[in-house]
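Take a look at the structure set out below.
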Amino acid sequence: MSESLNIPCTNSHFDKSPAHTPTTVLKSLDLLSVEGTIYPVSGASTPCSENSSNATTPVRYKTVLSNPEDVQRRKSLASDLCYEQSISDEFSHIQLSIKERRTSTGSNDATTFNSLHAINKPNSIKNLKTDTDNKFVVTKIINDDDEIEIIDLDDDDDERYKNCSRSHSPILLKQNYYPNCDVNVWLRSCEQEIIEPINGTLSGSIPSWINGCLLRNGPGSLKVGSMTFNHLFDSSALLHRFNVENGNVTYQCRFLKTDSYKKNWAANRVVVSEFGTACAPDPCQSIFQRVATLFKPADANSDNAMISIYPFNDEYFAFAESPVIHKIDIDTLDTIERMNLHERIGIVNHTSHPHVMNDGSVYNVGLTITKSGPAYGVLHFPKGERIFDDAKIVAEIPTRWKLHPSYMHTFGITENYFIIVEQPLTVSVPSIIKSQLTNEPMITCLKWFPDKPTLIYLVDRSTGELRHTYQTEAFFFLHIINQYEKDDHVVLDISCYKDPEMLNCMYIDSMKKMQSNPDYARLFRGRPLRFVLPLKYPPKTKSLSNFFTWNCDAETFNTFDNNLVKLKNSSASAFSLPDGSVFCKPELLCNLGCETPRIHYEKYLGMDYQYFYAISSDVDADIPGTLIKVDVYNKTKITWGEKNVYPSEPIFVPCPNPQTEDDGVILASMVWGEGDENHVGLLVLDAKNMTELGRCEFKDLPGPVPKCLHGWFAARKN
């Protein structure tokens, strides 16, 4: 079995290191807690420190399901519930709760438990054939060192099982766990570009003051010839454009013509490795040539920029985490220019979400290499004709571990601070070198350290100096909602996950098997959390006589110091640690999964705000495509949803002379599920009450339209 964290897909690539997970200072992020407790199987390792040259040692993990009911019975079934997170390729990551096991056998408690203990060998279960299709049978119960074996029952199994005994009833696992969610909206491939704008069918009324185009970016095609990419993030970038003028809407879409796209298209196969897909090795490239690419990050990785779109002055660029960005024509969606920021600024990579300021300047955070090792560099692009030529690094913060810089998708900015959140999902430098030599995809270089805290840095915008460092429990995140300063605190709102398992949930095989995976919704579960960072706290303790260790329990810790958070109407907390840092515990903003969050960006970026808008990320929701408006003052929400409709990231567009923060509209592109593939639309909602004002639908298109990720509304100047 592969020594890596098996997140719900057949190929798992995140190392869980180190193995030991001690009792934490506070209870695990209760707001993100999930069923199950992680226990190490063997070994222990730590991230490479400044003075260490050894790479981390991956360890294997097993999961023990937790059920608050039937504690004693759970103990008696320990051998049934404990197993390695390694599942056969035919059925990924099966976990059954006691309740599900009991229900599936259709027998009473005593019979169920006797039956479970009896079936502990591969061939000791015989299936009682039923009339129900698409069922699976467990043929081996799990002991500590065994794996679960799943077989699919079809008509060929009739003879094999026709004489089975009722005493050996199978444990049947249902399919279609998420009947309201059609994951296929992500798995489509565009077959034909729509170069010339086309008209759609209008319903309702689209305000005439909306004048501009909604630009979208995201996965466009999972296919190259007869080959298929392994991960959603590998899909060739597809740009969408909804032009809105005088209440009318047109639509067009085109592929972003990156070097990777051109090479793959010319070869009719995958010839450039992506985030989760390795290409066939080039026999003409020597090992020395492969090593040489390490010094050219833009050449070593794909330039497929399928994440976001941002403006620099009046020009628009497609982004991913590669240091290469692509200039696009927002009227035709032509790819105009490929720009290598590594050559211009010296960054190895950067986040997919720079911040565009009101004065037209742009900030981003990228990984830089300094004399003392890698650092997080804050990049400043000043407004003007020389926005890229005059770009410079205005602050650099050393990484926590020199051989394991943090994976970073976004960052925060307030009036006085840059906010860098260093999560313990890292990019292993040794693994990067190995991947170049062995032709492995980028995802194999990601390492997860579950018992290491997430660090939050506040960097002075005027001097570039690190002013404050905060700790919190390990979590994974992609998007920061917003951040601001208030009453000697910095408020930081983040869409958080317990760990990075959701990345492996986006493997294509995992997505295709989602309906058969009872854990998929749990593994994809995230919540919006608020961290309140006090700017005033006690200095570093001179004496270490009461030094606090991470093995103290929650009650001991709570008596160690008082809550440093004095902000009104906040249930977040923070406590001073002896080393001078501050440990923070967040509060919940909304008990729904909220992803791709957006705010009234032009006016409230880095400012005290009340509302954000997001898409539900809960695949087990009644309407998985729900759009959400969250009131962070009152902790309330308003939603919009329509069955079988999957809207994109909700972008707020203020009306002329807005009187309130939510005075405007929400624009979101839409696709339809259940086989309605050649169908796309633009949705317009009243941002105050989330009621529909109008929409424009484009049906019977020449090919499928996949769901997109991020975008920008480019307002047309009068």
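Put simply, the amide H of N211, placed in the peptide plane, has neighbours under 5 Å in R716, leaving out anything fewer than 5 places away on its chain. Starting from a Cα-only point model with no solvent, please compute log10 I(q)/I(0) by Debye for region 312-384 at q = 0.13, 0.22 1/Å. Relative scattering, expressed as log10 I(q)/I(0), comes to -0.40, -1.03.
Relative contact order of region 409-458, taken over Cα pairs closer than 8 Å and 6 or more residues apart, is 46 percent. Taking 0.36 nm per residue of sequence separation and removing the Cα-Cα distance, the N246/E642 pair yields an extension gain of 139.9 nm.
Let a ≥ b ≥ c be the square roots of the eigenvalues of the Cα gyration tensor of region 423-474; is it rounded (a/c under 1.5), or, if not, prolate (a/b larger than b/c) or oblate? Here region 423-474 falls in the oblate category.
Taking a ≥ b ≥ c as the square roots of the eigenvalues of the Cα gyration tensor, an a/c ratio of 1.5 or more together with a/b larger than b/c marks region 400-456 as prolate. Working note: Karplus 6.51/-1.76/1.60 with θ = phi - 60° gives region 611-624 the couplings 10, 9, 10, 7, 9, 5, 9, 8, 6, 9, 6, 4, 10, x Hz, where Gly and Pro are set to x.
What the Cβ-Cβ distance of D389 and N416 gives, at R0 = 41 Å and to the nearest 0.05, is a FRET efficiency of 0.90.
Between E602 and V271, the distance separating the two model label sites (each 7 Å from Cα on the Cα→Cβ line) works out to 4.5 nm. Checked against a 28 Å cut-off, the cross-linked pairs K513/K637; K223/K452; K327/K717; K327/K637 give Cα-Cα distances beyond that limit for K513/K637; K223/K452; K327/K637.
Counting only heavy atoms of the protein chains and using a 1.4 Å probe, I433 has close to 80 Å² of accessible surface. For S573, the amide hydrogen comes within under 5 Å of the amide hydrogens of V532, K585, counting only partners 5 or more places away or on other chains and with H modelled in the peptide plane.
What full-extension length gain, to one decimal in nm, is calculated for L437 and S205 as 0.36 nm per residue of separation minus the Cα-Cα distance? Fully extending the segment from L437 to S205 adds 77.8 nm.
Take the Cβ atoms of K223 and R716, set R0 to 30 Å, and the FRET efficiency comes out at 0.25. Cα gyration tensor of region 569-658, axes a ≥ b ≥ c as square roots of the eigenvalues: rounded (a/c below 1.5), prolate (a/b > b/c) or oblate? Oblate is the answer for region 569-658, as a/c is 1.5 or above yet b/c matches or exceeds a/b.
The values are calculated or read from the model by the stated rules, or taken from the named source; none is laboratory data. Just so we're clear, the structure is a prediction, and the values are computed from it rather than from any experiment. FYI the Cβ positions are ideal-geometry reconstructions off the backbone, even for glycines, and counts take in every protein chain you see. Heavy atoms of the whole protein, side chains included, go into the accessibility calculation; ligands, DNA and RNA do not. Shrake-Rupley method; radii C 1.70, N 1.55, O 1.52, S 1.80 Å.
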